[in-house]
1. Among (1) closer than 27 Å to Tyr136 by Cα; (2) surrounded by fewer than 24 Cβ atoms within 10 Å (Cβ to Cβ); (3) touching a residue at least 60 places away in the same chain (Cβ under 8 Å), there is one condition Val224 misses while meeting the rest; what is its number?
2. Filter the stretch 302-315 for residues that are hydrophobic (A, V, I, L, M, F, W, C) and either more than 21 Å from His122 (Cα to Cα) or touching a Gly at 6+ places or on another chain (Cβ under 8 Å) (or both) and give the result.
3. Within the stretch 82-94, count every residue that is within 20 Å of the chain's Cα centre (by Cα), of a type outside the set (Lys, Arg) and surrounded by fewer than 20 Cβ atoms within 10 Å (Cβ to Cβ).
4. Looking only at the stretch 114-167, how many residues end up being among the hydrophobic types (A, V, I, L, M, F, W, C), farther than 18 Å from Pro320 by Cα and touching a His at 6+ places or on another chain (Cβ under 6 Å)?
5. When you look at Asp288, is it touching a Gly at 6+ places or on another chain (Cβ under 6 Å) and either crowded, with 19+ Cβ neighbours inside 10 Å or farther than 17 Å from Ala138 by Cβ (or both), yes or no?
6. When Gly123 is evaluated against the numbered criteria (1) at pLDDT 95 or above; (2) surrounded by 19 or more Cβ atoms within 10 Å (Cβ to Cβ); (3) assigned to a loop (DSSP other than H, G, I, E, B); (4) out of contact with any strand residue (DSSP E or B) (no Cβ under 6 Å at 6 or more places or on another chain), which criterion, by number, is the only one it fails?
7. Looking at the structure I just gave you, is Ala306 crowded, with 24+ Cβ neighbours inside 10 Å and within 25 Å of Gly159 (Cα to Cα)?
Amino acid sequence: MFGITRNPSAGDAAPPDDRDGSDESDGAGDAAEADDSTDAAGATNGPVTRRRLLGGAATGVALLGGGGLYVANELDAGFAGYEAPETQPIVSTRGRLDESDPTARSGSWAFGDADAVVLFVHGLGADAESARDQAYTARLGLAAATEGSTEADALPVIGYSWASDVDWGPAKATADENAAPLADWLVRWADEDGRPVHLFAHSLGARVTGATLGELADRGRTAVLESVSLFGGAIPHDSVAEGGRYGPAIDALDAPVYNFHSREDRVLGWVYRASDRTRAVGHGGVSDAAATPPDYTDVEVTDLVADHYSYFEPETGCLPRAVGRIGLD
């Protein structure tokens, strides 16, 4: 989601304690958007890099004026990562949201005898190239996490590519605008292919996902997903509760929802909380588990995930735990 360059005056201060109960609600966080200005569009044409690959990032945090927070600029493009082949399957809405069919396919869609697929929804700051690379990385992570599996026989991972390489406020609006196109695609897949879909969402991809679940609930198509997994979800912690923004849609879904969260995720624990004035579900989960829908589960992965970018990395992320919870092992 974000990368961090410390404000020189901030030193090494720890992120806010997200257990103090002083945060504002989802609505308050959204109201704060008028004070936020983020330029996350710094797409580069160089080699795939770890921060760019695994979430997209801002490189600056500055407190301005009367305390309004600006999370600013430029994706970090300075480290190595995994580069996807051209065959990586992608469904994209980039530049197509106003078209009659807003989704376009690319890559190879020959999935052979695979008995299920994974749909990966990326977060903030991903251009078309990095969206493809992230989906490929998730497939490598699944192969490494699944006993006896190799890249060749791992579950297919389809990347859902959306125009998140914009400022933070517009990116949230674009995430919401992707609800209907993604719901359309899921319904069409269920009707035409029928193989189960496990949806993985990273960072701001959780907002795309939450809005899509609402769209599916409105259409009465709540059985098109086999499972939903949020990794470092950049949405308010209370939005998944029964009375929250996405709670009713989660409750209506005929599938389990897992929230893999890490208190070592300083991007969510510090930058997200300061910018949106609320706690992220991907940092500490939901404070009151009794308030969540029955099929929603928080899964702590603090011991496995040390930052915002490695949730689905091969070897170092939390996919070994995730595949066991989801039932993909």
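1. In the conditions (1) closer than 27 Å to Tyr136 by Cα; (2) surrounded by fewer than 24 Cβ atoms within 10 Å (Cβ to Cβ); (3) touching a residue at least 60 places away in the same chain (Cβ under 8 Å), Val224 misses (3) alone.
2. Passing the criteria: Leu304, Val305, Phe312.
3. Number satisfying all stated conditions: 2.
4. Residues meeting the conditions: 1.
5. Numbers: touching a Gly at 6+ places or on another chain (Cβ under 6 Å): no; either crowded, with 19+ Cβ neighbours inside 10 Å or farther than 17 Å from Ala138 by Cβ (or both): yes.
Spelling it out, it is not the case that Asp288 is touching a Gly at 6+ places or on another chain (Cβ under 6 Å) and either crowded, with 19+ Cβ neighbours inside 10 Å or farther than 17 Å from Ala138 by Cβ (or both).
6. Every listed condition holds for Gly123 apart from (4).
7. no
Table: residues versus (1) in a loop (DSSP other than H, G, I, E, B); (2) free of Cβ contacts under 8 Å to residues at least 12 places away in the same chain.
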{"position": "Thr87", "(1), (2)": "yes, no"}
{"position": "Asp113", "(1), (2)": "yes, yes"}
{"position": "Ala131", "(1), (2)": "no, no"}
{"position": "Leu155", "(1), (2)": "yes, no"}
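The values are calculated or read from the model by the stated rules, or taken from the named source; none is laboratory data. Computed from a predicted model, the values in this text were never measured in an experiment. In this analysis, Cβ positions are derived from the backbone assuming ideal geometry, glycine residues included, and neighbour counts consider all displayed protein chains.
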